[in-house]
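The values are calculated or read from the model by the stated rules, or taken from the named source; none is laboratory data. Values in this document were obtained by computation on a predicted structure and should not be read as measured data. All Cβ positions, glycine included, derive from the backbone under ideal geometry; neighbour counts span all protein chains shown. SASA here: full protein model, heavy atoms, side chains in, ligands and nucleic acids out. Shrake-Rupley method; radii C 1.70, N 1.55, O 1.52, S 1.80 Å.
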Amino acid sequence: MMQETHYHQLADTWLAHAQDALEEADAKGVLDIDYAHGSLTITLENGKVLLVSKHTPSRQLWLSSPISGGLHFSYDEKKAEWVLADGCVLAELLAKELQALSGVVVTL
């Protein structure tokens, strides 16, 4: 299992990057984006919420989404990505679901 300090560094970097990318992509202001205490909360105009949060005990990032439900992503050192066991990449899935739910196109 990866060292806790390395996990926090990777997770915090990803979450901060995602926040910046989302704020930049949201030109129309349809997303309410909040990043605090290891959680990135994205609230849509219709009240639906996507949440990406750190889960330190498992060294994972967890996604809660109205489309995919709850998913747990582990860091793949070779791919340098947060992925599911089936290879699904967090950045790609989150971008796809955000576009479907809000029309916001973002590259994470």
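Annotations
- Some residue of the range 35-45 being among the small types (Gly, Ala, Ser) and open to solvent by 60 Å² or more (accessible area, probe 1.4 Å): no
- The sole residue among ALA95, ALA85, ALA91 that is open to solvent by 40 Å² or more (accessible area, probe 1.4 Å), aliphatic (A, V, I, L, M) and touching a Ser or Thr at 6+ places or on another chain (Cβ under 9 Å) is ALA85.
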